[in-house]
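J.: Would you mind keeping the following structure in view while I ask a few things?
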Amino acid sequence: MSTYEDAQRTVDYLRSYGMDAAGLEVVGAGLRQATRHKTVPVVRLTGMSALQGAAVGVLAAVFITLVAETTLNGLAVVIWGFVYGVLVGALWGMFRGLARNRPDAVTTQILATRYEVRCPTDELSVAQTLLADASDVDDGRVEREVIADAPTEEHKNAA
């Protein structure tokens, strides 16, 4: 099956006909390792942080004008709060962007190229019969392939 959703639909279809949900599994197959360099535009991150800093600076300045007595008028305090907020926010964003874009910041993921539906060996014939007779699903959403698992200790003890 090409996607996880297709495999999950197949499991749901089998469960709707009474198969044991604990015995059905969706397993990723054809695994491959993907490595990506996660880059964040430093300029965009710096600009966004500068705007956030400006907002925090203005809020702090308004709070200061309401609570504290200063030798400056209220507008001057708000302007200085804006300026300091922009400066601190821009520096913070620039350092965050530079730290995220360092050469050793690589993300590695394990991706499945296809998915398999697995069931216990003793239920394989039932699953194959149900999927072969899947005439009520004509749109191709249910895959008609199931792979049997070798019986595990858990299945042996249950029998």
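The values are calculated or read from the model by the stated rules, or taken from the named source; none is laboratory data. Bear in mind that the values here come from a model prediction, so they are computed numbers and not experimental data. FYI the Cβ positions are ideal-geometry reconstructions off the backbone, even for glycines, and counts take in every protein chain you see. What goes into the accessible areas is simple: the full protein's heavy atoms, side chains included, and nothing from ligands, DNA or RNA. Shrake-Rupley method; radii C 1.70, N 1.55, O 1.52, S 1.80 Å.
J.: Could you tell me whether Thr70 is without any contact (Cβ under 8 Å) to a residue 24 or more places away in the chain and among the hydroxyl-bearing types (Ser, Thr, Tyr)? First the steps, then the outcome.
T.: Working: without any contact (Cβ under 8 Å) to a residue 24 or more places away in the chain: yes; among the hydroxyl-bearing types (Ser, Thr, Tyr): yes.
When the stated conditions are applied, Thr70 passes them.
J.: Now, a different point. Could you grab me the full set of residues in segment 4-60 that are among the aliphatic types (A, V, I, L, M) and under 23 Å from Arg100 (Cα atoms)? Show your work before the answer.
T.: Of all residues in segment 4-60, those among the aliphatic types (A, V, I, L, M) come to 7, 11, 14, 19, 21-22, 24, 26-27, 29, 31, 34, 40, 42-43, 45, 48, 50-51, 54-56, 58-60.
Answer for segment 4-60, where residues must be among the aliphatic types (A, V, I, L, M) and under 23 Å from Arg100 (Cα atoms): Ala34, Val40, Val42, Val43, Leu45, Met48, Ala50, Leu51, Ala54.
J.: Next question. Output the qualifying pairs, or none if there are none: Cβ atoms under 6 angstrom, residues six or more apart or on different chains, first residue in segment 115-127 and within 12 Å of Val11 (Cα to Cα), second residue open to solvent by 40 Å² or more (accessible area, probe 1.4 Å) and part of a helix (DSSP H, G or I).
T.: The qualifying pairs are Tyr115/Tyr4.
J.: Just checking, does segment 128-135 include any residue being in contact with a helix residue (DSSP H, G or I) (Cβ under 8 Å, 6 or more places away or on another chain), open to solvent by less than 70 Å² (accessible area, probe 1.4 Å), farther than 21 Å from Thr3 by Cβ and at pLDDT 65 or above?
T.: Here is the first cut: in segment 128-135, the ones in contact with a helix residue (DSSP H, G or I) (Cβ under 8 Å, 6 or more places away or on another chain) are 130-131, 134.
After this cut, where a residue has to be open to solvent by less than 70 Å² (accessible area, probe 1.4 Å) as well, the list is 130-131, 134.
After this cut, where a residue has to be farther than 21 Å from Thr3 by Cβ as well, the list is none.
No - not one qualifying residue is present in segment 128-135.
J.: Across segment 1-34, what is the total count of residues that are over 21 Å from Asp133 (Cβ atoms) and under 24 Å from the mean Cα position of the chain (by Cα)? So that I can check it myself, show each step before the final result.
T.: Narrowing segment 1-34 to residues over 21 Å from Asp133 (Cβ atoms): 2-5, 22, 25-34.
Pick out the ones that are also under 24 Å from the mean Cα position of the chain (by Cα) and you get 2-5, 25-34.
Number satisfying all stated conditions: 14.
J.: Are there any pairs, at least 6 apart or on different chains, whose C-beta atoms fall under 8 Å, with the first in segment 80-101 and over 12 Å from Gln52 (Cα atoms) and the second outside any helix (DSSP H, G or I) and open to solvent by 50 Å² or more (accessible area, probe 1.4 Å), and if so, which?
T.: Partner pairs satisfying both residue conditions: Trp80/Leu72; Gly97/Pro41; Arg100/Lys38; Arg100/Thr39; Asn101/Thr39.
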